[in-house]
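The block underneath contains the structure these notes are about, expressed in structure tokens.
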Amino acid sequence: MKQPVRVTVTGAAGQIGYALLFRIASGAMLGEDQPVILQLLDITPAMDALEGVKMELDDCAFPLLAGVVCTDDPDVGFKDSDYALLVGARPRGPGMERKDLLEANAAIFSVQGKAIDQNASKDIKVLVVGNPANTNALITQRNAPSIPKENFTAMMRLDHNRAKSQLATKTGKAVTDVKNMIVWGNHSATQYPDLSNTTVAGTPALDLVEQDWYENDYIPTVAQRGAAIIKARGASSAASAANAAIDHVRSWALGTTDGDYVSMGVYSDGSYGIEEGLIYSFPCTCENGEWTIVQGLSVSEFSQGRMKATEAELTEERDGVAHLLP
Ligand SMILES: NC(=O)C1=CN([C@@H]2O[C@H](COP(=O)(O)OP(=O)(O)OC[C@H]3O[C@@H](n4cnc5c(N)ncnc54)[C@H](O)[C@@H]3O)[C@@H](O)[C@H]2O)C=CC1
Ligand SMILES: O=C([O-])CC(=O)C(=O)O
């Protein structure tokens with residue numbers, strides 16, 4: 001049996017937390033041979049609710065669950081942590097854009113970045129889910145200078161999965177037939193779900209759909225799916241977000257298969273002309289616990305325009321939180 005790894009989840013008493021923790025404890029994220037210790041962080045008023053979640057975790061008698069810590073102290077929550085899923089943040093309501101949360105949530109991530117820097121394993125892998133996820137990931141990374149920059153990522157996998165599902169439905173094929181999906185940029189309405197390299201059962205996606213549907217229906221549907229869920233449910237997506245977090249970390253830790261791409265918000269090294277240092281979603285493959293940006297894809301003029309627009313929004317968000325970026 002492997003040694004347990006420590007997985008920190010923030011906002012663990014919230015709705016995504018409730019859809020996430022049981023799957024991590026069951027082995028869905030790190031594999032069915034990997035025991036885990038869950039380190040659950042939330043704010044003081046949420047401690048009773050968090051204790052209730054722990055009781056339910058206990059009641060599952062998960063064979064892989066080697067311990068559960070509940071805390072409101074970031075230094076305890078990130079102690080020796082190997083993986084951190086930063087979910088804890090305020091969600092948006094109807095009529096808000098995710099960047100409207102910047103002011104409310106940004107401070108959380110500078111505190112947690114410092115706590116990661118001081119307490120976590122130097123190999124920790126961090127996924128930021130709390131919105132606006134890319135800029136919060138940047139704040140976390142910049143406040144944790146002793147950890148490699150590549151270890152901080154933002155969640156674009158929900159967008160990636162939405163993009164696959166919408167395309168599979170349109171073409172009447174299975175989601176497993178869709179390969180090399182890409183969503184570029186920010187987890188926001190400016191994101192760019194790009195079908196130029198995508199295939200469906202081996203056929204180029206753009207040969208299967210009309211350009212008008214692609215530009216005027218598909219791209220906005222994927223980009224605004226979060227708002228559509230809020231309108232329908234009266235609360236932001238939770239189970240699908242938790243599922244995407246599991247998929248993201250699983251791909252990163254255990255690898256991607258057959259060269260298929262996943263979309264991850266990662267530290268830009270300047271690939272595709274995107275400003276170095278932004279946390280921008282690129283097509284990635286993963287192996288041995290490391291992600292690599294897929295290189296050498298041709299970029300049309302249409303794609304270039306979209307990629308630059310979402311980059312511009314990220315630079316604007318970054319400039320808005322300059323006071324939190326050491
Ligand atoms: N990147 C993505 O694709 C997605 C991101 N999200 C975002 O995830 C975040 C969480 O969403 P929900 O679980 O629905 O919200 P929620 O309101 O149900 O839960 C948030 C939890 O975070 C806790 N929290 C607040 N401040 C904290 C702090 N400083 N430290 C630790 N915990 C703290 C709250 O007490 C609460 O338990 C939101 O920002 C939401 O917008 C949601 C869906 C998808
Ligand atoms: O839309 C929201 O605010 C929640 C979220 O990030 C999503 O569902 O993609």
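The values are calculated or read from the model by the stated rules, or taken from the named source; none is laboratory data. Here the structure is a predicted model, which is why all the values come from computation and not from measurement. Methodologically, a virtual Cβ is constructed for each residue, glycine included, from the backbone with ideal geometry; neighbour enumeration extends over all protein chains shown. Areas reflect the complete protein model, heavy atoms only, side chains present, ligands, DNA and RNA absent. Shrake-Rupley method; radii C 1.70, N 1.55, O 1.52, S 1.80 Å.
Normalised by the number of residues in the stretch 156-321, the mean separation of alpha-carbon contacts (under 8 Å, six or more apart) gives a relative contact order of 25 percent.
Taking the square roots of five times each eigenvalue of the Cα gyration tensor of the stretch 5-154, the equivalent ellipsoid has semi-axes of 23, 19, 13 Å, listed largest first. Of the DSSP H helices in the chain, those with a Cα length along their own long axis of 24 Å or more and a mean Kyte-Doolittle hydropathy reaching -1.0 comprise 102-119. Taking the accessible area of the chain, probe 1.4 Å, and keeping the other protein chains in place, the carbon and sulfur fraction comes to 49%. Per-residue ellipticity at 222 nm from helix content only, as computed over the chain with -39500 (n - 2.57) for each DSSP H run of at least four residues, stands at -12000 deg cm²/dmol. From the alpha carbon centroid of the stretch 1-71 to that of the stretch 128-155 is 22 Å.
Restricting the stretch 30-94 to GluC sites (Glu not before Pro) that sit in a DSSP loop and have at most 10 other Cβ atoms within 10 Å of their own Cβ leaves Glu32. Rounded to the nearest 10 square angstrom, Arg6 shows an accessible area of 80 square angstrom against a 1.4 Å probe. Only Cα pairs under 8 Å and 6+ residues apart enter the sum, and on that basis the relative contact order of the chain stands at 17 percent.
Over the stretch 34-146, Cα pairs under 8 Å with separation of 6+ residues give a relative contact order of 27 percent. Each peptide in 95-107, 157-169, 34-46, 121-133 receives the mean, over its residues, of other Cβ atoms within 10 Å, and ordering these scores from highest gives 121-133, 157-169, 34-46, 95-107. Pairs of Lys residues in the stretch 5-154 that lie 8 or more places apart, or on two chains, and have C-alpha atoms under 28 angstrom apart add up to 16.
Calculated accessible area for the stretch 193-326 comes out at 45 Å² per residue, all protein chains present (probe 1.4 Å; ligands, DNA, RNA ignored). Summing +1 for each Lys or Arg and -1 for each Asp or Glu among the other residues whose beta-carbon sits under 11 angstrom from that of Leu41 gives -3.
Charged neighbours of Ala235, selected by a Cβ distance under 13 Å, balance to +4 (K, R count +1; D, E count -1).
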